Amino acid sequence: MKPNPLRPAPPSPARIPTSPWKYLVRVARAQTARVALGFLSLSVSGSAWVLLPWVISRVIDEVVIAGTTEPLLPWTILLVVTAIASSWIFTLGYRFLFMAESHSRVRTVHELTDHLNTAGTGVSGAVSPGEMVNLSTEDAHKTGSFIFQLGFGWMGVVMLVVGTAVLWGTHPALGVTAAAGTFVIGFLVGPLLSRLQRHQIAYRSSVATLTSQAADVVGGLRVLRGIGGEDRFSERYRRASTDLREAGYTVAASDSWIQGLRTSLPLALIAGTTWVGARLALAGTITVGELSAAFGMTALLAQHAGGLIGLAQAFIAARVSSRRLTAFFKTASEIDASGTEREPGGELRDTDTGLAIEPGRLTVIVSAENEPAAAALERLARHRDSGALWGGTPMSEVDLEVLRERILLLREDYLFAQSLGATLRVDPEAALRAIEVACAGDVHSSLGSSLDGEITNGGRNLSGGQRQRLRLARAVAADAETLLAIEPTSAVDAHTESLVAERVAAERAGRTTAVATTSPLWLARADRVAWMVDGKIRATGTHAELSTEREYRSLTSRQEPR
């Protein structure tokens, strides 16, 4: 079976948790090696940072105060080793965690893309275009950053434990002051963090809404001009912007308190510990060097106590984002993919309408209303579940990947921002052939007569007719066993449409092709015509045979070229 270049390789099924907590754990576990090395490096670095003031205190007491240089060399060596460990190993840990964050963000974007390909239309209505943009940018960033922040949170915990132990060894009062101060910081900031989470959820929802509306602006609203639609949209966007601004103020108010406490409380902890240490030094309970060590350690602990608050903030943001991501991953395809039949063949039959597509022939479906014919082709391509048959085999029993490879449905498919060659996804010779068949030579020439010419997002640098013919060229290039097309030439002039119908019929001779249209230019080249009335096939035959019916003749002659 020839692979369809328009059909990407199926993603391997990923078991993604539906719980935000479990999802964050999964994100971290996927980078276990890097996270473990990062944690180990930062643990060593954090311990060295805390012990650095203690080493300096030994130099003060045993060298400066004692007035001897005998212990200077060993303490100097230990001081250098500690300084190197606190800086160089910190850089190593930083690098490991940054790589873990970057790989996590890329993996999230890949999984979003894979799930979107798998869920297909199941995402429609459940996730807006603006929300999809935020999921792949802001939310992927925040869940990945959580790994990075988690490493520094762990470093803060290690420093707190080591520092408290050393201070306790110096004097229990110093250890109690440092530990209690850190606890108070968490106790005071905790309630504010819960408020921040609620406000961030509301703010995040407003951002998604506004991004969706911005996507509408980029998409263009020219059709609404002249009937007041543009003014109405502007007013709606203005209201949404105002709501977002107010939500941003609310988040900023909570965040400002947290940032203020993050700066001031550690300073208060330093002052408190220094006061206790000074009293002990005056009483002769501790030495001057130990007082210096207490001040230095407390400054480091206070700095990283503020870092723990930053970790809590990052965790709140990551949890809000993971909730959004897991909600997206809960969406599922509307089509049952449990079929296993891999060798179906024969006639395609839509049981709802009675439409039958004979293999190896060009069939044109004629209907006064486009929707019933389009829906029938969608069922035959299994873009929606139904009782459709493929040579007597129910479509639901056919392996979905096999079906997608062999049957291609052409409708108003999206054109992504990429080169012309990348859009057609075949070798240059086949690409130019497909362009010729679809009469899309003007598309090629308008892009510099090069397959490297860039198509903008949605094909906005092309006219409506050019976009339609480019979609047809892409379908022709795919060379699918069965091509089902819905009004593939509705936006082109009669002369071009005649050439397209002639060339497509010749190019796909011997292969199954079905076109839903009332154009006599297609009907004249059809091997078989299926006439649909009120959603049911009334008659089949050649165009000449069916033209004896007045109603059919009236329907198809309206587009007869003059």
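Summary of computed values
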read-out	value
Three-way shape label, the range 381-452, alpha-carbon gyration tensor, a/c 1.5	prolate
Accessible area, probe 1.4 Å, largest first, for residues Ser241, Ser338, Ser45	Ser338, Ser241, Ser45
Relative contact order %, the range 431-474, counting alpha carbon pairs below 8 Å whose residues are six or more apart	50
Per residue Cα convex hull volume in Å³ - calculated over the range 495-562	89
Exposure of Thr177 as accessible area (Å², to 10), given a probe of 1.4 Å and all protein chains	40
For the range 50-114, with +1 on Lys and Arg beta carbons and -1 on Asp and Glu, the positive-most of Val63, Ile84, Leu112 along the dipole	Leu112
Most positive-pole-ward Cα, Val437, Ala417, Gly464, against dipole of the range 400-470 from beta carbon charges	Gly464
Mean-position separation - Cα centroids, the range 12-68 and the range 386-463, in angstrom	52
Share of alpha-carbon pairs per 5 Å distance bin for the range 296-411, given as whole %	2, 10, 15, 15, 10, 7, 5, 5, 5, 4, 4, 4, 4, 4, 3, 2, 1, 0
Sequence of Arg538, Arg105 from largest to smallest accessible area, 1.4 Å probe	Arg538, Arg105
Most to least accessible of His495, His115 (protein chains only, probe 1.4 Å)	His495, His115
Solvent accessible area, Å² - Lys22, 1.4 Å probe, full protein context	140
Long-range HN-HN contacts of Ala516 with modeled amide H, under 5 Å	Ile365, Ala485, Ile486, Glu487
Taking the range 364-512 and dividing mean pair separation by its residue count, relative contact order in percent (alpha carbons under 8 Å, at least six apart)	26
3J(HN,Hα) from dihedral phi, the range 51-66, Karplus parametrisation 6.51/-1.76/1.60, rounded to Hz, x for glycine, proline	6, 4, x, 5, 4, 4, 5, 5, 5, 4, 6, 8, 10, 5, 5, 6
For the range 471-549: accessible area per residue (Å², 1.4 Å)	37
Note, ³J(HN,Hα) from phi for the range 451-466, Karplus 6.51, -1.76, 1.60, rounded to Hz, x at Gly and Pro	6, 8, x, 8, 9, 6, 4, x, x, 6, 8, 10, 6, x, x, 5
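The values are calculated or read from the model by the stated rules, or taken from the named source; none is laboratory data. Just so it is clear, the structure is predicted and the values come from calculations on it, not from any experiment. Here Cβ is always computed from backbone atoms with ideal geometry, including for glycine, and neighbour counts include all displayed protein chains. For accessibility, only protein heavy atoms count, side chains too; no ligands or nucleic acids. Shrake-Rupley method; radii C 1.70, N 1.55, O 1.52, S 1.80 Å.
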